């Protein structure tokens, strides 16, 4: 119904809407139909009449409109709206059922129509777009046609021009040809003229020459002479001979001899060349025959277009060829046979090759499923076999190598082996000796150190004793001056810290170890230690005790390690020797 | 390479004897003969006038010295220094003098080619041959010295006479089908005579020793024809160089062309080796610059060194544009020579004057191209091995062999160029037996 509402909106006047209005008119109430008619001015006639008529369906003319509808419907093939009249006189009654049926049918019809209309609309749209497309196509084609027409005109123009040019060129060519002809004629005429002139000139020249000759030569010119001390002998040592007919004949003979020799020489060369070529031909032929003979059987069996007969010829030829005397025959007799047979065989070979080619192409076309192709299994078997063989061969080689080595080893003299061994031993010996000396040196060092250690220990023992004594005395004194030394004690501590300075941290770590392991260092630093001890005497017993040991150790370190002349790490290493032999050995190894 | 000291020379007259033992050179009217090995002067002869031509006899026993201006020929013997011989052509004049191959006869051509006089050193006999033709190469002897062919001109027709050299008897006399015969040459085997026509017509005629025409060859018409001809030492090929810049090789069996060698100005084939001479400018040491500069350094050619570089193809060679309206245009194959083993052929195309083409005759293709900095004046093969010597008129000699090529500075040349002049005429002569070269410079 919303649809309908929009339809009745007087603002809307598009044609498509009108159509939908017309189709839905059966649903419209009579009151609205009027306005609709006002809106729709160009509706089809039949519908116009219909709507016009129904517009008059009011309270008054119900009967008429019903009858009219009935009439209309019956004309359209619907059942009558009135009940079947039993009697003619009775007034026909409106059959509600029939009306409803009619309405239903009309609605169905309407729906169908709507559907059809939609289809038609879409088709129309489609057709419209098609039309547009076609129109654009048409325009394009028209344009194309225009351009091609223009192009054609241009091309025609160019063609015309080219033709024109061509004609001109032809003309030019012709002219040039004429010119060339003319020039050639001129050249020829010039040449003849030149020759003529030359001849004339030459004749004159000859005449002059003749005259000169007569003048110069015939007059017995005394000047023309040869002075020679004595005549020399001929180069060949022979005497000059008189000119006679005999000499002439001899000269001729000699000339012909020379010519003959030359020809003979050349003939020999040519014969040699010929023989070579013949040999090559024969060889070729033989090879061809050998190449073709395995194929002989097959063509025979197949009886291919006459190759069989040719092949029999070939066989005959082959038989003939075996006679070596053929080679020495003169060309004429052999030539034909040879060339013919070669030609034949060549033909056979050619056909054979062609056949092969065909086969190959066929195979290619058919794929590799023929029996010619080696099957995969065979292939694998073959490779396996080959691998096995390779393995065997390798083993064989290995055994052979071993045997060879053994043989070599046994074959070698004892001298050489001993020498070789000696060589090795010598090298090793030398190395060992070196190591030995090194060890010895180290040992010596150790001994020295041990001695110094023991001395130091003894000294330390003595010192300790002295120290103990001193301490006892000192303690005694402290007990006596307990109260008076308080401030001095703090001073002492400060002094101590300032003294130990940077090496404080070191000393803490070293402290525990050197005390037990480095008695040797004490030996060197003992005087300083004692001096220090005397200095720190006034400290309180608890702290000073600690201080004493600490300062003592630190003093020892700084003093003994510095000026003793030993290098610190070396000494440390040596000092540790007794306790950690493994480490020392490592270190020694590294040093070596 | 070793160099001797510089010998004085006049008129470029310097020749090795055929046996390679002696070297004859002329200074004005004196003839100096030196031993090749020691370079000591063996003999010194004094002629009557300035010598214009010298020639060794084939047996290296005699030397003839021609003084054309005086119409005189003097002959000297190497074995007998006191022996002398003087031939006076008198008023007939003299334009050419040469030995016969036996070394006992001298052929003198008179002025205007009126006749050739054959003087014998053995007998008193004198023979005259009339009507010799004045042409490029009118006399040729066979290599074995038996026969002489002579081009003649009578009644406006060309003839060839074949003489037996032993007694100067006429063996054959036949006319040749030429317009204006330009040259004749025996094949090395002495059985075929090549006759070629004037440059106006391309025509080669081949005659047998007995005067039969074996073949005639004409490559083209209506254009300038043959410029140079050479036989291969094996007598197998005849190379004909022509004005169209091609060398055509004829074979000795059919006398047809086997191949033609074009001489393109650009070489594109990468198989061909192109050696290009490149100048190495000497380093100037500022401290050692003398003032005034020494003579040797003043000559521009003497101071610069050069070497060969292998150019990468394509190489464009320097070409000369020939002057079209002058006679004897500088185009075509002006010189060609086979190596003594017949393996190589060296050619020079006159419109590419700086280049020498060397062709491989076995493969019948171009092998090497040498491009010099200046025009090639002459080249000559070593008589014993495939080695080519080239000179360009500078103070250098260039040697090529299949192994490569070198440029050699001839020492001391600069001092012998008075006024810093260029070595205008340089010639090569090859020692037949020792394979050594002498490069001669004249001033």
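Nothing in this text is a laboratory measurement; each read-out follows from the coordinates by a stated rule. Please read all numbers here as calculations on a predicted model, not as lab measurements. Every residue, glycine among them, receives a Cβ derived from its backbone with ideal geometry; neighbour counts consider all protein chains shown.
When only C-alpha pairs under 8 Å and at least 6 residues apart count, what is the relative contact order of the stretch B:97-180, in percent?
Once divided by the residue count of the stretch B:97-180, the mean separation gives 18 percent.
Counting other beta carbons within 10 Å of each Cβ, put B:98, B:47 in order, fewest first.
Result, fewest neighbours first: B:98, B:47.
Summarise the partner chain shielding of A:186-192 as one whole number: the mean count of Cβ atoms from other chains within 10 Å of each residue's Cβ.
Details: counts 0, 2, 1, 0, 0, 4, 0.
Counting Cβ atoms of other protein chains within 10 Å of each residue's Cβ and averaging gives 1.
Just need the relative contact order of the stretch B:61-205 here, percent rounded to a whole number, with Cα pairs under 8 Å and 6+ apart.
In percent, rounded to a whole number, it is 12.
Would you mind calculating the relative contact order of chain B from Cα pairs under 8 angstrom and at least 6 residues apart, reporting the percent as a whole number? Don't skip to the answer; put the middle values down first.
Numbers: 1093 pairs, mean separation 38.9, N = 443.
Taking the mean separation of contacting Cα pairs over the length of chain B, I get 9 percent.
Rounded, prolate or oblate for the stretch B:197-239? Axes are the square roots of the Cα gyration tensor eigenvalues, ordered a ≥ b ≥ c, and the cut-off for rounded is a/c under 1.5.
Taking the square roots of the gyration eigenvalues as a ≥ b ≥ c, the stretch B:197-239 is oblate.
Any idea how far apart residue B:38 and residue A:425 come out in nm if each label point goes 7 Å out from Cα toward Cβ?
Here the answer is 7.4 nm between the modelled labels.
Report the rotationally averaged projected area of the stretch A:64-208 based on its alpha-carbon convex hull, in square nanometres.
19.7
Looking only at B:230, B:151, B:265, which one moves most when chain B is put into a Gaussian network model with springs between Cα atoms under 10 Å?
Fluctuation is largest for B:265.
Between residue B:123 and residue A:408, with labels modelled 7 Å along Cα→Cβ, what's the label distance in nm to one decimal, could you check?
Distance between label points: 8.8 nm.
Using Cβ counts within 10 Å as a stand-in for footprinting exposure, how do B:127, B:235 rank, fewest first?
So the ranking, lowest neighbour count to highest, is B:127, B:235.
Provide a whole-number value for the mean count of partner chain Cβ atoms within 10 Å of the Cβ atoms in peptide B:146-158.
2
In which sequence would A:383, B:140 go, from the one with the fewest C-beta neighbours within 10 Å to the one with the most?
Going from sparsest to densest Cβ surroundings: A:383, B:140.
According to the square roots a ≥ b ≥ c of the eigenvalues of the Cα gyration tensor, what is the shape class of chain B, taking rounded for a/c under 1.5, prolate for a/b larger than b/c otherwise, and oblate for the remainder?
Verdict is oblate for chain B.
Take peptide B:99-107, look around each residue's Cβ out to 10 angstrom, count Cβ atoms belonging to other protein chains, and average those counts.
Mean inter-chain Cβ contacts per residue within 10 Å come to 2.
Extending each Cα 7 Å along its Cβ direction at residue B:91 and residue A:364, get the distance between those two points in nm, one decimal.
For the pair residue B:91/residue A:364, the computed spacing is 9.4 nm.
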